[in-house]
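**Q** I am attaching a structure below and will ask some questions about it afterwards.
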Amino acid sequence: MKSLEPPPAAISDSNATELLRLWAANGKLDVAINLGAFQAQGHDEAKAWGIVISDFTRHVARALAQRYGRNEEQEMAKIRDSFLQELVGPTSPVTGE
């Protein structure tokens, strides 16, 4: 199993909360979601996850740009297009809770 270390800010912040784990396992995506973390803080859960997904997209686009010398905005556009296409026509079913 190949797992990532938590980022330094998560280690140093006693109030840090893990929100999500994604694993590629057995040829599919396995997900553990800390659902309710935002609701417990008085936020609309769906809207908060939309912000998380948006922020995550920016982080991935920036990482791609830095690692592979690509244009960050173009990478973000590719991620967005792929995301929207997958919402309309999923390449695999979602199972589980």
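Laboratory data are not the source of any read-out in this text; all were calculated from the coordinates shown. Note that the structure is predicted; figures quoted are calculated from it, not measured. Virtual Cβ from ideal backbone geometry, glycine too; neighbours counted across all protein chains shown.
**Q** Compute the projected area of the convex hull of the Cα atoms of region 39-97, averaged over all viewing directions, and report it in nm² to one decimal place.
**A** For the Cα atoms of region 39-97, the hull's average projected area reads 5.7 nm².
**Q** As a footprinting exposure proxy, order 95, 17 by other Cβ within 10 Å, with the fewest listed first.
**A** Listed from fewest to most nearby Cβ atoms, that is 95, 17.
**Q** Something else now. Collect residues whose amide H, placed 1.01 Å from N in the peptide plane, falls under 5 Å from the amide H of residue 20; neighbours closer than 5 in sequence don't count.
**A** 34
**Q** Using the basic label-point model (7 angstrom from Cα toward the beta carbon), what is the residue 12 to residue 70 distance in nanometres?
**A** It is 3.0 nm.
**Q** Kindly state, as a whole number, the per residue volume in cubic angstrom of the convex hull around the alpha carbon atoms of region 1-78.
**A** Dividing the Cα hull volume of region 1-78 by its residues yields 140 Å³.
**Q** Hey, got a sec? Which chymotrypsin sites (Phe, Trp or Tyr not before Pro) in the chain land in a DSSP loop and have at most 13 other Cβ atoms within 10 Å?
**A** none
**Q** Under a straight-distance cross-link criterion of Cα-Cα below 23 Å, which lysines are reachable from residue 28, leaving out those fewer than 8 residues away in the same chain?
**A** 2, 78
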